[in-house]
1. Work out the FRET efficiency for His76 and Asp119 from their Cβ-Cβ distance, taking R0 = 41 Å, and round it to the nearest 0.05.
2. Work out, step by step, the length gained on full extension between Ala241 and Asp145: first 0.36 nm times the residue separation, then minus their alpha carbon distance; give nm to one decimal.
3. Among DSSP bridges having both ends in the chain, what percentage is antiparallel? Round to the nearest 5.
4. To one decimal place, what orientation-averaged projected area in nm² is obtained for the convex hull of the Cα set of the chain?
5. Please arrange Val27, Val137 by accessible surface area, largest first, computed with a 1.4 Å probe and ligands excluded.
6. Out of Tyr106, Tyr91, Tyr229, any idea which swings most in a Gaussian network model of the chain, alpha carbons joined below 10 Å?
7. Students often forget the sequence filter, so: which aspartates and glutamates lie under 14 Å Cα-Cα from Lys153 once same-chain residues fewer than 8 apart are removed?
8. Where in the chain are the DSSP H helices whose C-alpha atoms run 15 Å or more along the long axis and whose mean Kyte hydropathy is at least -1.0?
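The values are calculated or read from the model by the stated rules, or taken from the named source; none is laboratory data. Remember, it's a predicted structure, so these values are computed and weren't measured experimentally. FYI the Cβ positions are ideal-geometry reconstructions off the backbone, even for glycines, and counts take in every protein chain you see. Side chains included, ligands, DNA and RNA excluded: accessible areas come from the protein's heavy atoms. Shrake-Rupley method; radii C 1.70, N 1.55, O 1.52, S 1.80 Å.
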Amino acid sequence: MTYTLVLLRHGESVWNAKNLFTGWVDVDLSDKGRAEAVSAGEQLKEAGLLPDLVHTSLQRRAINTANLALDAADRHWIPVRRSWRLNERHYGALQGKDKKQTLEAYGEEQFMLWRRSFDVPPPPIDPDDEFSQAHDVRYAGLGDDAPRSECLKDVIARMLPWWESAIVPDLLEGNTVLVAAHGNSLRGIVKHLDGISDTDIAGLNIPTGMPLVYRLGKDLKPEVPGGEYLDPEAARAAAEAVANQGR
Ligand code: DG2
């Protein structure tokens, strides 16, 4: 038995286009991002990869990507499950800051520690900062779980309970599962699936709007390590561009 999982980072957001750290700020897709989402759905349909269920974060850019992609694949009617546990990494006090200016102000080493280290979170955001989610009703029930900043280790710790309790059961029932989420929450899933080390995960970047397909064996181990992009050439170039953001 092979289980099929499709990971999809949302299409380009308006803040991706402006090169701003986004995290939990609920920005929408850019026009390019909407087109990427539609194209992702067309690619899924073309490849005969028709999702039976979709999981998304609670963030507009992932939700709208899922809707556009599923509409393009004629799968707009499938059940949807959403969780804050699939949200983007909370980028703390960096939320709303320009990536290039941050790199120039703090230097390459600190910039990359904040962006790609496994266990160094950015400074926490002030609850009254204009880009804080402390007063956002959708997170009102989180209590002490509500982050003010996260590193990838924190993301994996809060994502795994959703993976185990919601996504894995859907896969084991034989459903083709689409997960529409974010650069760093998806890096967490990939790290978990492929057993990537805390050090090596720094080199993994996920492009916007490109379906990444995992065929998983009985023990949910990937048949092809790293999964397979439907358009590998385009994905390689776009992942490279993500790696170089800020430069
Ligand atoms: C980006 C990721 O998240 O940024 O929060 O700025 O996937 O929601 O656009 P996304 C953000 P990097 O970690 O790649 O800098």
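1. Calculated transfer efficiency: 0.55.
2. 31.3 nm
3. Details: 10 of 22 bridges.
Taking every DSSP beta bridge with both residues in the chain, the antiparallel ones total about 45 percent.
4. Result: a mean projected hull area of 12.4 nm².
5. Numbers: Val27 15, Val137 125 Å².
Ranked list, largest accessible area first: Val137, Val27.
6. It is Tyr106.
7. Partners found: Glu88, Asp119, Asp198, Asp200.
8. Result, helices passing both filters: 60-72, 152-162, 183-194, 232-243.
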